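Step one of this worksheet: look at the structure below.
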Amino acid sequence: RFIFMRGVQWSAHDLDSTKLSQALMRLWPTHFPRTSPKTRNAAGSPAGSPGSSGSISSTAGDAAAEGVPLVAHDGVAELAESMFDQLRPYLDQADDVGMPICFAGHSLGGSLAMLTMVQYQLQSRRRQGSSPSCYTFGSPPVLAHEQGGGGHRVLQALRLPADCVKNFVLENDPVPRALLSVDPTFELLQSWGVGQGLLQLRQLLAGEGSPLSPGRFMFESVGQVLLIKWTAEGGSEVVPLDAHEVEAELSFLAPKPGRSQRADAASSSSSSRRSSTTAGGLTEAVEASDGSSSNSAA
């Protein structure tokens, strides 16, 4: 079953823009899910409750029982929990027939899709079968491990494979970079002496890997990042990024790998052309001078 969530349509007549804006402003990370998740058996009852057929042996049920050390954007988390309640009957139906689940979304819809997938993984009553997947397109990050350390720790906590989440990011789109360590605001804060001191103080008080500490702004990039680039020669291309490449490639301020070499090559070529032009001009000037001297002598 494929569940796609669109981004915000601010002109929609049924949208409470004030309420949504207030939710988006509540960006401080909060524990997620905000209530203890319960897996459900095939009869629809929480596992272990009267009338249930037994405990759930799935990895999702095990993860839910142990709890997960995840945090999410407070306002978006509230929206995602409300949406999950509406989607639950359709997800349960898919679980009953063993249907794979794929979540996807654009912009804020992708953020909601990510958090909805987390809730599904923790509360699914499926005993076996494929893991859920999620695709985001230009979506702001809203999820992280509570102790930081990289988005891969989120998937490990959920017992999901590393390739189950794919994030498509346009080369110059600021939205998917918001609230990450590559957010231009955070990068400028890190480059400022006083800002560095404040981040260090925050780390001493809240612990390493906490939000607003060196190396972490608010959230982390969870899953694989696929950067969509455009060049005049080859048009658009999708470039999968390795984990160690994400920060350098997504940063607006840091020099991109290979860009300095191309810039140096272009500069060298330009200098060569200027030198050639200058040399040619000097040659013409010398020849003109020689001609004038000859005419004067004659």
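The values are calculated or read from the model by the stated rules, or taken from the named source; none is laboratory data. Quick caveat: nothing in here was measured; it's all calculated off a predicted structure. Because the Cβ atoms are built from the backbone with ideal geometry, glycine has one as well, and the counts that use them run over all protein chains shown. Surface accessibility is based on the protein's heavy atoms, side chains included, excluding ligands, DNA and RNA. Shrake-Rupley method; radii C 1.70, N 1.55, O 1.52, S 1.80 Å.
Details
- Scope segment 169-202; condition part of a helix (DSSP H, G or I) and among the polar types (S, T, N, Q); matching residues: T185, Q190, S191, Q196, Q200
- Qualifying residue in segment 68-81 (condition: surrounded by 15 or more Cβ atoms within 10 Å (Cβ to Cβ), within 13 Å of L122 (Cα to Cα) and at pLDDT below 90): yes
- D264, sole failed condition from (1) modelled with pLDDT under 75; (2) open to solvent by less than 70 Å² (accessible area, probe 1.4 Å); (3) under 27 Å from R177 (Cβ atoms): (2)
- The residue that is least open to solvent (accessible area, probe 1.4 Å), counting only those in segment 91-108 that are closer than 20 Å to L70 by Cβ and in a helix (DSSP H, G or I), is L91.
- S82 meets the conditions (1) under 21 Å from the mean Cα position of the chain (by Cα); (2) assigned to a helix (DSSP H, G or I); (3) of a type outside the set (A, V, I, L, M); (4) more than 17 Å from G151 (Cα to Cα) in every case but one. The failed one is (1).
- Test: residue in segment 136-159 that is outside any helix (DSSP H, G or I), polar (S, T, N, Q) and buried (at least 20 other Cβ atoms within 10 Å of the Cβ): yes
- Looking across segment 22-39, the residues that are farther than 13 Å from L179 by Cβ, modelled with pLDDT of 90 or more and open to solvent by 30 Å² or more (accessible area, probe 1.4 Å) come down to Q22, T30, H31.
- Q123 vs. criteria under 24 Å from M99 (Cα atoms) and either surrounded by 19 or more Cβ atoms within 10 Å (Cβ to Cβ) or modelled with pLDDT of 95 or more (or both): yes
- The residues of segment 129-141 that are more than 11 Å from P176 (Cβ to Cβ) and touching a strand residue (DSSP E or B) at 6+ places or on another chain (Cβ under 6 Å), listed by number, are S133, C134, Y135.
- For L188, the conditions (1) without any contact (Cβ under 8 Å) to a residue 60 or more places away in the chain; (2) open to solvent by 80 Å² or more (accessible area, probe 1.4 Å) all hold with the exception of (1).
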